[in-house]
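Below: one structure, written as structure tokens.
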């Protein structure tokens, strides 16, 4: 029987691997070719650009484009269930491809994680 700590660690790794699976995985030579974005119910798409990928293939840090000239750095924050990527005044939580993009006090919008 596994303990609570091991279960949470396994769940986090599974969630991060699921997120990365949507972004095509790692390319040869350590270069990444990711096309990943959040398609939200407010009619907007928010591209996510990876900056650092772990040896296991998990997205660790990156950027989310919130406007034409504004990218917000984001990083993985360990959670009990699912995943969270957070930056200054913005974060998104999810399980598999279902995501909620949070804008702090301005509210939240449901999204889906897309790849292409």
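Here the spin labels are modelled as points 7 Å beyond Cα on the Cα-Cβ line, and at residue 108 and residue 81 they lie 1.2 nm apart. Extension gain for residue 42-residue 96 works out to 17.4 nm (0.36 nm per residue, less the C-alpha to C-alpha distance).
The calculated FRET efficiency for the pair residue 89 and residue 115, based on their C-beta separation and a Förster distance of 22 Å, comes to about 0.30. Put in line by how crowded their Cβ is, counting other Cβ atoms within 10 Å and starting with the fewest, 55, 93 read 55, 93.
Coordinate-derived values only; no laboratory data. Keep in mind that this is a model prediction, so the values were computed, not measured. Every residue, glycine among them, receives a Cβ derived from its backbone with ideal geometry; neighbour counts consider all protein chains shown.
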